[in-house]
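This report concerns only the one structure given below.
The values are calculated or read from the model by the stated rules, or taken from the named source; none is laboratory data. Small disclaimer: the values here were computed from a predicted structure and weren't measured. Backbone-built Cβ (ideal geometry, glycine too); neighbour counts: all protein chains shown. The area values use the complete protein model at the heavy-atom level, side chains included, leaving out ligands, DNA and RNA. Shrake-Rupley method; radii C 1.70, N 1.55, O 1.52, S 1.80 Å.
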Amino acid sequence: MIISKRNIFFLFIIIIVLGLFISTSIEIKNYKISIDQNKNQILKSPPIWPAPFFSQLGNNSILISKDFNFTIISDSTLLLNKTLSKYYNLIFTQDNIINSSSNTLNKLKINLKSKNEILKFGFDESYKLIIKDNENSKLEGNTVYGIMRGLETFYQLIKFNFSDNSYFIENCLPLIINDKPRFPHRGVILDTSRHFYSVKTIFKVIESLSYNKFNTLHWHIIDSQSFPLSSKSYPNLVKGAWSKSEIYSYHDIKRIINYGKENGIRIQLEIDMPGHAKSWSVGYPDLLPHGWNDSSTTTTTTTTTTTTTTTTTTTTTTTTTTNIKCPDYDVPLDPSSPLSLPISFGLLSEFSGTDYDYNPNYYHDKNDKVITVDNLFHIGGDEIEYQCWNNSKRIKDWMNDNNLKTFQDVAKQFQLKIINQLLKIGKIPVLWEDSFQLFYNDLPKDVIVEIYHDQTTAINATNNGYKIISSIARYWYLEYSYSNWIHAYNFEPTLNISKSNIHLVLGGEGAIWSESIDSSNLFQKLYPTSSAIAERLWSPIDYTNLSNAKSRLQSFRCSLLKRGINAAPLNNSEPLSPFSCYNS
């Protein structure tokens, strides 16, 4: 058969079209399979917030009998017993009429592998939860804190049917969850200087952090606006509090630290220095630079403009002088003051539980000390207003005596002394990124840098070998009007950080700066956005499906409301119309 060139051409076209059709059909089929697999993965995700590291679920359900109990099959501790009692009371709030049988869940075995309850950076929070049937259900953890995280997971699995007065676990048995956090440091910053929060409110914050599987309350306890921290070494400092009733006593601080331990939450104090120190001066005026209120720096900008006409060319030079005054709300300490280092060292000693004493007029009773077992101590180091030192003859004379050329040199010397003192007493210093930008690679490598401006600084710090904590303002500062859970959830703290440096990212923190926040709106600002941060820091990096996250977060928000945590709706800062909390 003779085939013309024209027929060959048409045959070739037909083959191409047919090939495209078959290829497209296969792609569509594969796409549908991919969608179905994704749907199955979402449907099979346990309704837990934050999502666990590993889970394996079945399709069966089980009723929980009215005789249910936590059965300890290992050594016990007072804290373990207290934790089990707390969660039993949180879970079983209704009358349960289901009798025990071989088909009901009558007990959950508790296996605590270690009685070590030291709460410090890097403590073990891993757990394994298995629920199959009455005889094969257990929760085990290496520490009581792992048991705490597992009990929160168990709490979220249980539902109550009001029609027949029964508790049950639905459509997920047999269930195996192996869980551990992605990052060792996961927290929220609470600013108690700009607005005071009662101890009861702070307790509630600690409880809510535990429900979210956070592990740190970064307590920004003092700032320029007020000094509510009661010091026995330097008792006049507390004169900088808003009032005599807005103060944290030794007793209060101990209670907060102990309550943190009961909930698996480290209390990391921040005593910010040398910036933000105006409140210090109410009790000790000599701590501030002399003449700070008349102090300023002058910057000069020269602009040259050339104008050409048909006959002449004219050049005009304009000099603009800008006078930058010392802000009266943000005055730094005077490093040349004979009180600055002794008081700073004294506070570090007093609130780190060490035996170093820098006030010879005060005798420390060891039983009266505030013991902070956490090995991280935050010393601020941010936003030093150098112009406040410009009008002080004492500082300038002291700079000449110490061969310090610039105010940056002054800040470096002061911060190095504080850093070295913390290292001497066995604490790891944490500083805001301003200190890294001040020292750059000369900052001691023992320091942890907290990043709050942008991811570029995180990349630079890790490239230079520094461990970091992420708290990028545009994503994880909770007081901003644009702050929302999706915005927070979508930020990845290891973004663009090289694979070899990812281990230097220790975790992150959401931040509540309290200029416009107090107890009346605190929890609505905290949640649900902080919950999104909690999952980003706990769960594997590949949990990014917003549809799946929204469904679980709505359910988790309902559980927070049930426990008295006034979390805002997911879609707004306040309810706009009647709806169920499961559809917020």
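Computed quantities for the displayed model
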| read-out | value |
| --- | --- |
| Odd one out for W280 among (1) part of a helix (DSSP H, G or I); (2) open to solvent by 10 Å² or more (accessible area, probe 1.4 Å) | (2) |
| Index of the failed condition, W219 passing every other in (1) among the aromatic types (F, W, Y); (2) under 24 Å from A532 (Cβ atoms); (3) out of contact with any strand residue (DSSP E or B) (no Cβ under 8 Å at 6 or more places or on another chain) | (3) |
| Single condition I419 does not satisfy, out of (1) surrounded by 15 or more Cβ atoms within 10 Å (Cβ to Cβ); (2) more than 27 Å from the chain's Cα centre (by Cα); (3) farther than 17 Å from N293 by Cα | (2) |
| Qualifying residues in the stretch 422-442 (those that are outside any helix (DSSP H, G or I) and under 24 Å from the mean Cα position of the chain (by Cα)) - the one farthest from H378 (Cα to Cα) | G426 |
| Selection count, the stretch 479-502, where residues are in contact with a strand residue (DSSP E or B) (Cβ under 8 Å, 6 or more places away or on another chain) and at pLDDT below 95 | 2 |
| Qualifying positions in the stretch 174-195 - in a strand (DSSP E or B) and either surrounded by fewer than 20 Cβ atoms within 10 Å (Cβ to Cβ) or on the phi > 0 side of the Ramachandran plot (or both) | P174, I176, N178 |
| Whichever residue in the stretch 363-386 is touching a strand residue (DSSP E or B) at 6+ places or on another chain (Cβ under 7 Å) and either at pLDDT below 65 or assigned to a strand (DSSP E or B) (or both) and, among such residues, is surrounded by the fewest Cβ atoms within 10 Å (Cβ to Cβ) | F377 |
| Every pair of residues 6+ apart whose Cβ atoms lie under 8 Å, when the first sits in the stretch 387-400 and is open to solvent by less than 20 Å² (accessible area, probe 1.4 Å) while the second is of a type in the set (S, T, Y) and at pLDDT 95 or above | S392/S336; I395/S336; M399/S336 |
| Matching residues, the stretch 132-151, being crowded, with 22+ Cβ neighbours inside 10 Å and either of a type outside the set (S, T, Y) or farther than 24 Å from P540 by Cβ (or both) | S137, L139, G141, V144, G146, I147, M148, R149, G150, L151 |
| Matching residues, the stretch 542-567, being within 14 Å of A488 (Cα to Cα) and of a type in the set (V, I, T) | T544 |
| Those residues of the stretch 536-557 which are open to solvent by less than 10 Å² (accessible area, probe 1.4 Å) and within 18 Å of E207 (Cβ to Cβ), in sequence order | W538, F556 |
| Single condition K261 does not satisfy, out of (1) touching a strand residue (DSSP E or B) at 6+ places or on another chain (Cβ under 8 Å); (2) charged (D, E, K, R); (3) at negative phi | (1) |
| Filter result (under 19 Å from L478 (Cα atoms), of a type outside the set (V, I, T) and in a loop (DSSP other than H, G, I, E, B)) within the stretch 539-583 | N566, A567, A568, P569, L570, N571, N572, S573, E574, P575 |
